[in-house]
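Everything below concerns the one structure shown next.
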Amino acid sequence: MDSREAERKFSVFHVTQNGETDCFETTHPLEFLDAANVLRSYLRAQSEQSFASTLQGRSNLTDEQFEKYADERMENTGRVTGAFRIDLDNGEMAALNIMDGWQVFSVKDVSTAAYYAMRKTGLSRDRRFQIFIDHLEDRQLINMGKPERFLRGGRALRAEDIQFAESIEPRENLLNFYMETNFDVDAVFGTHVCTDENDDYLNVYANYDLKAQRVCDTLEIVLVGKDRDEAYGYRLNDEEKALVLPKMEAYVRQQWGVSIADCAARYRAENEQAQDEMTMQGGVTLNEKENFEKRLDDLFDALVPPDGQADTVAGEIVRAACRIGYRSFNDGDHIGVGYGRETCNPAARYLMEHAGKEVEKIIANDMWGEPDHRRYDAALTEMNRAVVEYLDRHPELMTEPNDEDMWEYRDNQEDRDIDPYEEEDGYEMEYF
């Protein structure tokens, strides 16, 4: 490697969108927060272009080159500033941490954390990154292990090497298989356990992702020694994954009497049912949810001025409801939580006072102080429905003059973000 190449800094991406996968590097040396901000900007722009095509200084990579650079990122040479796997079809983003390996989060959580990190002026880059990481705490979807080292021997796995034993262990969206090691593991993994010189042995595990419906890229390997257990990974190439899949299929049928496709379908059905229960409370269907949101959007266009309070009571109710929905969808703000105290609490109080008992109950019982995104989104759907139905029952509010601004319902003591990292320098409230 010449000196110019050794000094080059860049980041690498593996992006799945609309069923297509792109691997590439970018000349911009992006770290996790930088990549999160780029992704957030793309999502908010609602571009018809693919995410990959919007990144400047992009050069395509093969899967093998991406993995090579990911290894280099783990070695912390300083050249690869970030390695990222972004699956927009499944709403997930993974970043490679040099201490903890791949860490996976929902795209919405990453976008929200980036928003909190960047919303104040005058903060140092280190402070912004700390805020970003703090807002992602306990939000990780899958811990893909701590692959400080990956194993590779002199030959690839063969079909006859792949045999499973013991029970299949479900792990959230994964099926975990224990692999027998009745083959020359030293030849495949480059270890030194097939010997009388020590009593070391390997535990090897393969995973199937029910959500993505594919064999996972990495075998989990634990080297068990006299005084230590060490975790490693072994990256499967496409040919090896093609050998693993039918063995998994056969073992699932043997153990459970169903196919992997049946397991994936059951996983999707259970998650869709759970999502329906979370997001369609009170019997609100997806079509009805979209209809209520469209009704509110149409009412907003008709009744809410570009600036300031609405002329009618109905307009101010719609303004307050849309404020709460806007802050949740765009920035992840929740009533009574963090920055949502500032951006949403006044609008919520106005609705509780003016939009009927059902809206008051939903906000007080299901939304105020609720940090969980899915539960909050479910309650937000119910609130929108209740607001629209209240206005339908009270058409006189469409013409009743309004003399109040929802921001007058601010409580100067309660409606403050108590995030310890936040400062007041250079900050102005965003109104509409």
query = For region 78-110, how many residues are acidic (D, E), farther than 16 Å from F51 by Cβ and part of a loop (DSSP other than H, G, I, E, B)?
reply = 1
request  = For T191, state whether it is assigned to a loop (DSSP other than H, G, I, E, B), within 24 Å of W102 (Cα to Cα) and of a type in the set (S, T, Y).
outcome  = yes
remark   = Of (1) more than 24 Å from L303 (Cα to Cα); (2) out of contact with any Asp or Glu (no Cβ under 8 Å at 6 or more places or on another chain); (3) crowded, with 18+ Cβ neighbours inside 10 Å, N365 fails just (3)
remark   = Matching residues in region 195-229 (part of a loop (DSSP other than H, G, I, E, B) and surrounded by fewer than 15 Cβ atoms within 10 Å (Cβ to Cβ)) number 10
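Only residues that are part of a helix (DSSP H, G or I) and aliphatic (A, V, I, L, M): list them for region 232-267, please. Walk me through how you get there before you give the answer.
In the first step, residues of region 232-267 are kept if they are part of a helix (DSSP H, G or I); the result is 238-256, 260-267.
The answer is A242, L243, V244, L245, M248, A250, V252, I260, A261, A264, A265.
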key: Residue check for D184: touching an Asp or Glu at 6+ places or on another chain (Cβ under 9 Å) and assigned by TED's automatic domain parsing to the domain that holds R266   = yes
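Could you please let me know if M118 is more than 25 Å from N173 (Cα to Cα) and assigned by TED's automatic domain parsing to the domain that holds F32?
Working: more than 25 Å from N173 (Cα to Cα): yes; assigned by TED's automatic domain parsing to the domain that holds F32: yes.
So M118 fits the description; yes.
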note = Within region 235-258, of all residues that are touching a helix residue (DSSP H, G or I) at 6+ places or on another chain (Cβ under 8 Å) and exposed (fewer than 13 other Cβ atoms within 10 Å of the Cβ), the one farthest from R214 (Cα to Cα) is V258
remark   = Restricting region 132-152 to residues that are more than 23 Å from N76 (Cα to Cα) and surrounded by 15 or more Cβ atoms within 10 Å (Cβ to Cβ), the one modelled with the highest pLDDT turns out to be H135
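Would you confirm whether any residue within region 17-25 is in contact with a Pro (Cβ under 8 Å, 6 or more places away or on another chain) and more than 17 Å from E5 (Cα to Cα)?
Of region 17-25, the ones in contact with a Pro (Cβ under 8 Å, 6 or more places away or on another chain) are none.
Scanning region 17-25 turns up no residue that is in contact with a Pro (Cβ under 8 Å, 6 or more places away or on another chain) and more than 17 Å from E5 (Cα to Cα).
For every residue, the table says whether it meets (1) surrounded by fewer than 19 Cβ atoms within 10 Å (Cβ to Cβ); (2) outside the structural domain of D331 (by TED's automatic domain parsing); (3) in contact (Cβ under 8 Å) with a residue 12 or more places away in the chain; (4) in a helix (DSSP H, G or I).
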residue: S11; (1), (2), (3), (4): no, yes, yes, no
residue: V15; (1), (2), (3), (4): no, yes, yes, no
residue: T21; (1), (2), (3), (4): yes, yes, no, no
residue: S41; (1), (2), (3), (4): yes, yes, no, yes
residue: A52; (1), (2), (3), (4): no, yes, yes, yes
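The values are calculated or read from the model by the stated rules, or taken from the named source; none is laboratory data. Bear in mind that the values here come from a model prediction, so they are computed numbers and not experimental data. For neighbour counting, all protein chains shown are included, and Cβ atoms are generated from backbone atoms with ideal geometry for every residue, glycine included.
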